[in-house]
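Novice: One structure, pasted below without further comment.
What follows is calculated from the coordinates using simple rules that are stated; it is not laboratory data. This one's a predicted model, so the numbers in the text were calculated from it and none came from an experiment. Reconstructed Cβ throughout: ideal geometry from the backbone, glycine too, with neighbour counts over all protein chains shown.
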Amino acid sequence: MVVKVYGDYANPKRVIVCLIEKEVEFEIVHVDGLKGENKLPEYLKLQPFGLLPVVKDGDYILYESRAILRYYSEKYKNQGSALLGNTIEERGVVEQWLEVEAHNYDPPIYNLVMNILALPLVKGEAEDPKVTKENEEKLGKVLDIYEERLSHTKYLAGDFFSLADLSHLPFTHLLMNHMKKGYMIRERKHVSAWWDAISNRPSWKKVLQLYK
């Protein structure tokens, strides 16, 4: 069964990387958030909050990207990459760092993306330097913790690539390539090596080709 992934240019990338890593066949259904297609009644039947992405797997519908990552990693745990680890202890650490990404890393980098990229594009307003500065400082503190962690392990959950790493790919790519903030990664030796390792995975390169 082909999994349908509903999203626009930005939102489904995390999910698609996971599906590629797990060797699951998928189809992208484009929903243009800039045009408000995610607020139309037909889409709201799939996702009542109007957010992206959503997956439809036969009659099974699931939203919230990290929930989707966990679902497919568990459903196909014996297929493709072991994104949740191979033991209960490894899974615990994967879950820990996935939560760190969601609650500590994502908020400041999301604010930077919205302020630097989305605000001018969507509303035609200039970037707010104060918002940028505040969130750069917050993100820097998180990256300092990552630097310490990654001085001991190749990846966040250990010496294996997992959902904890995968979940960082879309927004960190924007930070590195579209916001001229790559120095935040590069000035931290171990974070820089980690980014090179995860961003050079064939699955991520395939996603970038899909959204070329």
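Novice: What Kirkwood hydrodynamic radius do you get for the chain when you take the inverse of the mean 1/r over all pairs of distinct Cα atoms, in Å?
Specialist: It works out to 17.9 Å.
Novice: Output the pairs from 4/35; 181/205; 39/181; 56/205; 13/123 with a Cα-Cα distance over 26 Å in this structure; if there are none, say none.
Specialist: On the way: 4/35 20 Å; 181/205 21 Å; 39/181 32 Å; 56/205 24 Å; 13/123 24 Å.
Over 26 Å apart, Cα to Cα: 39/181.
Novice: Another one. In a Gaussian network model over the chain where Cα atoms closer than 10 Å are linked, find which of 156, 98, 34 has the largest mean-square fluctuation.
Specialist: Answer for the Gaussian network model of the chain: 34.
Novice: Using a Gaussian network for the chain with springs between C-alpha atoms less than 10 Å apart, which of these wobbles most: 58, 33, 182?
Specialist: Among 58, 33, 182, the largest GNM mean-square fluctuation belongs to 58.
Novice: While we're on this one: Can you compute the helix-only [θ] at 222 nm over the chain? Use -39500 (n - 2.57) per DSSP H run of at least 4 residues, normalise by all residues, nearest 500 deg cm²/dmol.
Specialist: Dividing the helical sum by the residues of the chain leaves -14000 deg cm²/dmol.
Novice: Can you pull out the trypsin sites (Lys or Arg not before Pro) in the stretch 41-96 that DSSP calls coil and that have at most 16 other Cβ atoms within 10 Å? It would help to have the intermediate numbers written out before the result.
Specialist: Numbers: sites: 45, 56, 66, 70, 75, 77, 91; in loops: 45, 77.
Taking the stretch 41-96 and a limit of 16 other Cβ atoms within 10 Å, the loop trypsin sites (Lys or Arg not before Pro) found are 45, 77.
Novice: Under a straight-distance cross-link criterion of Cα-Cα below 18 Å, which aspartates and glutamates are reachable from residue 45, leaving out those fewer than 8 residues away in the same chain?
Specialist: 8, 32, 37, 57, 59, 64
Novice: Additional query: Report the charge-dipole magnitude of the chain in Debye, nearest 20, computed about the Cα centre from +1 at each Lys and Arg Cβ and -1 at each Asp and Glu Cβ.
Specialist: Here the chain has a charge dipole of around 400 debye.
Novice: Then there's this: Using 1/(1 + (r/R0)^6) with R0 = 35 angstrom and r between the beta carbons of residue 159 and residue 103, what's the FRET efficiency to the nearest 0.05?
Specialist: FRET efficiency, residue 159 to residue 103: 0.90.
Novice: Given +1 on the Cβ of Lys and Arg, -1 on the Cβ of Asp and Glu, and no further charges, what dipole in debye does the stretch 107-158 carry about its Cα centre, rounded to the nearest 20?
Specialist: Dipole magnitude for the stretch 107-158 comes out near 160 debye.
Novice: While we're here: Among 183, 146, 63, whose mean-square fluctuation peaks in a Gaussian network model of the chain (Cα, cutoff 10 Å)?
Specialist: Fluctuation is largest for 183.
Novice: Ok, one more. Using a ≥ b ≥ c from the Cα gyration tensor of the stretch 88-201 (square roots of the eigenvalues), is it rounded, prolate or oblate, where a/c under 1.5 gives rounded and otherwise the larger of a/b and b/c decides, a/b for prolate?
Specialist: Details: a/c = 2.09, a/b = 1.91, b/c = 1.09.
Prolate, since a/c reaches 1.5 and a/b exceeds b/c.
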